[in-house]
Amino acid sequence: MTPGLTVADTADKTGLTAHTLRYYERVGLIWGVERDAAGHRRYTSGQVDWLVLLTRLRATGMPIAGMLRYAELVKSGRADAERLDLLRDHRVALAARVAELTADLAVIDDKIAVYEQRLKIEP
């Protein structure tokens, strides 16, 4: 048997579904996944770390196309400047989103304070 984590174990560690793991492999977001004698996928700890990064990129709003571009650059083993540019661009977009959410939260906090005041509720 090939050592490594099963699909179920990998799903538990990454928060991804088995379907998403297969999809990521099919589209090229993850590569080199070994199979055991029965043909079941086995993931290395490095692949799990990579999948965790992909989940963070996706959770922060990076489109699949951006993730694919990043994966291509990583697979190439070079293009550090392009990887850096891609991540910096994503960070700028994410920071703008965080600022927008912070402003939204402030509006909601103000509304809560108004209702607490009206109802004389301690915050």
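The values are calculated or read from the model by the stated rules, or taken from the named source; none is laboratory data. The structure presented is a predicted model; accordingly, all values stated were derived computationally and were not measured. Cβ atoms come from the backbone with ideal geometry, glycine included; neighbour counts cover every protein chain shown. These area figures cover heavy atoms from the full protein model, side chains too; ligands, DNA and RNA do not enter into them. Shrake-Rupley method; radii C 1.70, N 1.55, O 1.52, S 1.80 Å.
What the table shows:
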{"quantity": "Neighbourhood charge, 14 Å Cβ-Cβ cut-off, centred on Asp104 and excluding it, Lys, Arg +1 and Asp, Glu -1", "calculated": "-1"}
{"quantity": "Listed candidates (1) 1.24; (2) 1.50; (3) 1.01 - label of the one calculated as Cα Rg over 2.2 N^0.38 Å", "calculated": "(2)"}
{"quantity": "Listed residues His90, His19 arranged by accessible area, highest first, probe 1.4 Å", "calculated": "His19, His90"}
{"quantity": "Eligible lysines near Lys13 by straight Cα distance, threshold 29 Å, same-chain separation 8 or greater", "calculated": "Lys75"}
{"quantity": "Percentage relative contact order, the chain, counting C-alpha pairs under 8 Å, at least six apart", "calculated": "19 percent"}
{"quantity": "Accessible surface of the chain, 1.4 Å probe, proportion on carbon and sulfur as whole %", "calculated": "57 percent"}
{"quantity": "Sparse-neighbourhood loop sites, trypsin sites (Lys or Arg not before Pro) in segment 1-87 - DSSP loop, at most 14 other Cβ within 10 angstrom", "calculated": "Arg78"}
{"quantity": "Total charge dipole magnitude, segment 55-122, about the Cα centre, Cβ charges on Lys, Arg, Asp, Glu only, Debye to nearest 20", "calculated": "300 debye"}
{"quantity": "Computed FRET value (nearest 0.05) for Leu119 with Val98, which takes r as the C-beta separation and R₀ as 22 Å", "calculated": "0.10"}
{"quantity": "Residue of Ile64, Ile108, Ile30 that the Gaussian network model of the chain assigns the largest fluctuation, springs spanning Cα pairs under 10 Å", "calculated": "Ile108"}
{"quantity": "In Å², nearest 10: area of Glu34 left accessible to a 1.4 Å probe", "calculated": "100 Å²"}
